[in-house]
Amino acid sequence: MLLGAHMSIAGGAFNALLEGEKLGCSTIQIFTKSSNQWKAKKLTDEELERYQAEQKRTGIRPVIAHDSYLINLGSPDAALVQKSREAFLHEMERCDLLNIPFLVTHPGAHMGQGEEWGLKRIAESIDWVHEHKADFKVKIALEVTAGQGSSLGYKFEHLTTIMEHARHHERIKVCLDTCHLFAAGYDISTEEGYHKTISEFDRIIGLKSLVAIHLNDSKKPLGSHVDRHEHIGKGQIGEKPFGFFIRDKRFEKIPKLLETPKENEMDRVNLAILRRLAGEK
Ligand code: ZN
Ligand code: MN
Ligand code: MN
């Protein structure tokens, strides 16, 4: 079972692998740089070698990356969208150096320009990135969002529209997040709602495009459009629905990752719940 959590790279990217190993993770997610700063220190050869050695030793694979929260590929502001594109390009380069197959991103926010406008802007940004370096190994994974503010990606149709507008479809994949789905109004809390949501996803986007699932409970109710992660079973989704995801045979080879609050070694508790649910009938 590919199960893990988002891990800190404080002290070097290899540290995320060591932390993952301690918790028995078979996969992890990282930021390749500080998530709330534009600038990043260059990855040194020494750091890359250490990372590769630890990845080989721990067998944690794949490692998924999440992009910085400052990036808005849909920004109407010319300077900001340019800064975002350059930062995103930079993160894709770091992913290739770290052998990371997917860079998860919240598609972007239109900041009042309207949804259609924003979706086109995001597709243009993705085209810009791919045109600046066509031989990336890493692929972009657009994450379903809660739809907070003017954030796009809270409907499966948004992601399809971005892919349709962009030139290199085959380079764009998708990441689901249970908290975001629920906050966006997809009721995955019942078995019926779960199956309905996944078949809708398959019909509109296609299960083949799915490359990662974030497992987070939600502090806020169904359709609230507020993105607040909660520990598994402690939120509005409840524990049981996480079993639907974790036992779904179609998702066996998909990395499933916690992004829940880190206090009091709660990763250990959350992972134990998920492992128990995996064994239930
Ligand atoms: Zn995210
Ligand atoms: Mn997420
Ligand atoms: Mn979130």
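The values are calculated or read from the model by the stated rules, or taken from the named source; none is laboratory data. Just so it is clear, the structure is predicted and the values come from calculations on it, not from any experiment. Glycine gets a Cβ as well: all are built from the backbone with ideal geometry, and neighbour counts include every protein chain shown. Keep in mind that these areas ignore ligands, DNA and RNA; they rest on the heavy atoms of the full protein, side chains included. Shrake-Rupley method; radii C 1.70, N 1.55, O 1.52, S 1.80 Å.
Structure summary
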quantity	calculated
Computed [θ] at 222 nm, helices only, for the chain once each DSSP H run of length n ≥ 4 contributes -39500 (n - 2.57)	-13000 deg cm²/dmol
Spatial extent of segment 56-103: Rg and Dmax, with the Cα atoms as the point set, Å	13.4, 45
With every protein chain in place, segment 3-277: carbon and sulfur % of accessible area (1.4 Å)	51
For segment 1-159, alpha-carbon Rg over 2.2 N^0.38 Å	1.07
Distance between segment 66-142 and segment 18-43 - C-alpha centres, whole angstrom	19
Estimated vicinal HN-Hα couplings, Hz - segment 251-258 in sequence order (Karplus 6.51, -1.76, 1.60; Gly, Pro = x)	9, 3, 9, 9, x, 10, 10, 7
Radius, Kirkwood style, for segment 128-226 when every pair of distinct Cα atoms is counted (Å)	14.1
For L152, residues with placed amide H under 5 Å, excluding near neighbours	G108, A109, H110
Reachable aspartates and glutamates from K234, criterion Cα separation under 12 angstrom, eight or more residues apart if same chain	D217
Other-chain or far-sequence residues with amide H under 5 Å of L258's (modelled H)	G4, A5, H6, L215
Order by protection proxy (mean Cβ within 10 Å, highest first), peptides 246-253, 108-115, 272-279	108-115, 272-279, 246-253
Karplus (6.51, -1.76, 1.60) ³J(HN,Hα), θ = phi - 60°, over segment 11-17, in Hz, Gly and Pro reported as x	x, x, 4, 4, 4, 4, 5
Residues whose placed amide H lies under 5 Å from that of H66, excluding near-sequence neighbours	I30, F31, T32, V104
Segment 75-162 - Kirkwood radius from inverse mean 1/r over Cα pairs (Å)	13.3
Fraction of alpha-carbon pairs over 33 Å apart in the chain - percent	17
Average accessible surface area per residue within the chain, 1.4 Å rolling probe, Å²	45
